[in-house]
Amino acid sequence: MVERTYQLRELDSIAKELVIAAGQERIWVFQGQMGAGKTTLIKALSRQLKVVDPVSSPTFGIVNQYETEDFQPLYHFDFYRIDDPLEVLEIGVDDYFYSGNYCWIEWAENLGGFIPEQFFLIKLEVLSEDQRKITYQHLNYAHRNK
């Protein structure tokens, strides 16, 4: 687990660090209170991965699809408004999660058991108006009960 603080002006370098640290992991889970900067960080990550589409929070649409310069799809989920985890099955969330493409997930705690067993977890905490604490790590729950 890596934990550090950063100033908002360092966001692009933090995004670059995360892309390197995530390696081949394509499922990324973002945790943090409302206003912690999850979507702002995702915008910085999108710049690192050369996303050509405008990036915004998919709060009302649940999922936004973006495309990179080399035409690779990337999916950005916001499950804040999900009341029943079964709702995510209606949008075919498994198809997205197991597509091999990047899936960036905000409010994954609303998914119940539908989150993949392996993912890259990023936690954000507000320290001040222009300072955040970030914690990130790879998690794999596939073998937790074996």
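The values are calculated or read from the model by the stated rules, or taken from the named source; none is laboratory data. On a predicted model such as this, the values are computed, not experimentally measured, just so you know. Here Cβ is always computed from backbone atoms with ideal geometry, including for glycine, and neighbour counts include all displayed protein chains.
Any residue at all in segment 80-90 that is surrounded by fewer than 17 Cβ atoms within 10 Å (Cβ to Cβ), touching a residue at least 40 places away in the same chain (Cβ under 8 Å) and not in a loop (DSSP other than H, G, I, E, B)?
So far as segment 80-90 goes, no, none of its residues is surrounded by fewer than 17 Cβ atoms within 10 Å (Cβ to Cβ), touching a residue at least 40 places away in the same chain (Cβ under 8 Å) and not in a loop (DSSP other than H, G, I, E, B).
Tell me whether segment 50-57 contains one or more residues that are hydrophobic (A, V, I, L, M, F, W, C) and assigned to a helix (DSSP H, G or I).
Within segment 50-57, none of the residues are hydrophobic (A, V, I, L, M, F, W, C) and assigned to a helix (DSSP H, G or I).
Would you check which residues across segment 95-109 are touching a residue at least 12 places away in the same chain (Cβ under 8 Å) and either closer than 12 Å to F30 by Cα or more than 16 Å from the chain's Cα centre (by Cα) (or both) and list them? Walk me through how you get there before you give the answer.
Of the residues in segment 95-109, the ones touching a residue at least 12 places away in the same chain (Cβ under 8 Å) are 96-109.
Matches in segment 95-109: C103, W104, I105, E106, W107, A108, E109.
Is it fair to say I20 is β-branched (V, I, T), crowded, with 16+ Cβ neighbours inside 10 Å and in a helix (DSSP H, G or I)? Can you show your working first?
Numbers: β-branched (V, I, T): yes; crowded, with 16+ Cβ neighbours inside 10 Å: no; in a helix (DSSP H, G or I): yes.
Answer is no for this residue.
Mind listing whichever residues of segment 99-133 are over 19 Å from L74 (Cα atoms), charged (D, E, K, R) and surrounded by 17 or more Cβ atoms within 10 Å (Cβ to Cβ)?
K123, R132
Quick check, is F77 part of a loop (DSSP other than H, G, I, E, B) and farther than 20 Å from A21 by Cα?
no
Let me confirm something: among Y96, Y136, which residue is within 20 Å of A22 (Cα to Cα), in contact with a strand residue (DSSP E or B) (Cβ under 7 Å, 6 or more places away or on another chain), at pLDDT 90 or above and buried (at least 20 other Cβ atoms within 10 Å of the Cβ)?
Going through Y96, Y136 in turn, just one is within 20 Å of A22 (Cα to Cα), in contact with a strand residue (DSSP E or B) (Cβ under 7 Å, 6 or more places away or on another chain), at pLDDT 90 or above and buried (at least 20 other Cβ atoms within 10 Å of the Cβ): Y136.
Within segment 36-79, work out how many residues are at pLDDT below 90, loosely packed, with under 13 Cβ neighbours inside 10 Å and either in contact with a helix residue (DSSP H, G or I) (Cβ under 8 Å, 6 or more places away or on another chain) or under 26 Å from Q131 (Cα atoms) (or both).
0
Looking only at segment 43-51, decide whether some residue is touching a Pro at 6+ places or on another chain (Cβ under 8 Å) and touching a residue at least 12 places away in the same chain (Cβ under 8 Å).
No, every residue in segment 43-51 fails to be touching a Pro at 6+ places or on another chain (Cβ under 8 Å) and touching a residue at least 12 places away in the same chain (Cβ under 8 Å).
Yes or no: I91 in contact with a Pro (Cβ under 8 Å, 6 or more places away or on another chain) and not hydroxyl-bearing (S, T, Y)?
Judged against the criteria, I91 is not a match.
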